[in-house]
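Participant: What follows is a structure written as structure tokens; I'll ask about it next.
The values are calculated or read from the model by the stated rules, or taken from the named source; none is laboratory data. Because the structure is predicted, anything quoted here is derived from the model rather than measured. Glycine gets a Cβ as well: all are built from the backbone with ideal geometry, and neighbour counts include every protein chain shown.
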Amino acid sequence: MNLDLTEARAFFFEFMLNGYAGKRKPENILRFPEDRGTKRHTYGNLSSWYGIDEWRSANQGNGSSGTTSLYYKRSLIWEMHYIGHYQDESIDCLKHALSTAYRKNLWLGGRGPKESTFDKWVYQNHCTENDFVRFSGRETITDRNLAKIVGEHRYFGGLLIQ
């Protein structure tokens, strides 16, 4: 498959801004009656670029995990996985950080900038591998008033084709 990685990354940013980092409400898929559901955004068209972003939260506590998948002409080509926890009240900070990076087409492991401040929260992205083909890292949100990390996600992913 002849794949333009610049085009793939540009689609990723567009997709994310039209999904979790944007204002569009996700679809909620329930797996059983007590389930909080899997949230899902899809974007694009099956004849070229298509994305699926799915995440779920634990029924107890504030843990969450998710997968973002990119398809090109109906073939899965790239994925990002993340797992961790955030306090509900810090989610606006997370979305602010992500949308800031995506609007600037800033690639730091597919997450936010190195640092971003929103109200009393400080977002930090500690990217250890930073290539669209292979990436990993850890992002945190700190409550400045408490000087305490109140949430984190570990993330990794990359290209699935040779």
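Participant: If you scan the range 138-152, which residues turn out to be assigned to a strand (DSSP E or B) and either out of contact with any Lys or Arg (no Cβ under 7 Å at 6 or more places or on another chain) or under 18 Å from Phe12 (Cα atoms) (or both)?
Facilitator: Within the range 138-152, Thr140, Ile141, Lys148, Ile149, Val150, Gly151 meet the criteria.
Participant: Which numbered condition in (1) in contact with a strand residue (DSSP E or B) (Cβ under 9 Å, 6 or more places away or on another chain); (2) surrounded by 15 or more Cβ atoms within 10 Å (Cβ to Cβ); (3) farther than 13 Å from His153 by Cα is the only one that Lys120 fails?
Facilitator: (2)
Participant: How many residues are hydrophobic (A, V, I, L, M, F, W, C) and under 19 Å from Ala21 (Cα atoms) if we restrict to the range 35-77?
Facilitator: 4
Participant: Report whether or not Asn62 is surrounded by 14 or more Cβ atoms within 10 Å (Cβ to Cβ), modelled with pLDDT under 95 and not β-branched (Val, Ile, Thr). Give the steps one after another, and end with the answer.
Facilitator: Working: surrounded by 14 or more Cβ atoms within 10 Å (Cβ to Cβ): yes; modelled with pLDDT under 95: yes; not β-branched (Val, Ile, Thr): yes.
Yes.
Participant: Sort out which residues of the range 42-54 are touching a residue at least 24 places away in the same chain (Cβ under 8 Å) and out of contact with any Ser or Thr (no Cβ under 6 Å at 6 or more places or on another chain), and write them in order of number.
Facilitator: Tyr43, Gly44, Leu46, Ser47, Ser48, Trp49, Tyr50, Gly51
Participant: Has the range 78-96 got any residue that is of a type in the set (Gly, Ala, Ser) and farther than 19 Å from Ser57 by Cβ?
Facilitator: no
Participant: Keeping to the range 75-113, report how many residues are out of contact with any helix residue (DSSP H, G or I) (no Cβ under 9 Å at 6 or more places or on another chain), surrounded by 15 or more Cβ atoms within 10 Å (Cβ to Cβ) and in a loop (DSSP other than H, G, I, E, B).
Facilitator: Within the range 75-113, residues that are out of contact with any helix residue (DSSP H, G or I) (no Cβ under 9 Å at 6 or more places or on another chain), surrounded by 15 or more Cβ atoms within 10 Å (Cβ to Cβ) and in a loop (DSSP other than H, G, I, E, B) number 1.
Participant: Could you tell me whether Leu146 is surrounded by fewer than 16 Cβ atoms within 10 Å (Cβ to Cβ), at pLDDT 95 or above, over 13 Å from Tyr82 (Cβ atoms) and not basic (Lys, Arg)?
Facilitator: For Leu146, the condition - surrounded by fewer than 16 Cβ atoms within 10 Å (Cβ to Cβ), at pLDDT 95 or above, over 13 Å from Tyr82 (Cβ atoms) and not basic (Lys, Arg) - is met.
Participant: Which residues, counting only those in the range 1-53, are surrounded by fewer than 19 Cβ atoms within 10 Å (Cβ to Cβ), among the acidic types (Asp, Glu) and touching a strand residue (DSSP E or B) at 6+ places or on another chain (Cβ under 7 Å)?
Facilitator: Glu27
Participant: Given (1) under 24 Å from Arg36 (Cβ atoms); (2) in contact with a helix residue (DSSP H, G or I) (Cβ under 8 Å, 6 or more places away or on another chain), identify the lone condition not met by Arg154.
Facilitator: Single failed check for Arg154: (2).
Participant: Would you say Asp119 is under 19 Å from Gly22 (Cα atoms) and more than 12 Å from the chain's Cα centre (by Cα)? Break it down into steps so the answer makes sense when it comes.
Facilitator: Values: under 19 Å from Gly22 (Cα atoms): yes; more than 12 Å from the chain's Cα centre (by Cα): yes.
When the stated conditions are applied, Asp119 passes them.
Participant: Now for a separate question. Being assigned to a strand (DSSP E or B) and of a type outside the set (Val, Ile, Thr) is the filter here; which residues of the range 26-49 pass it?
Facilitator: Within the range 26-49, Glu27, Asn28, Lys39, Arg40, His41, Tyr43, Gly44, Trp49 qualify.
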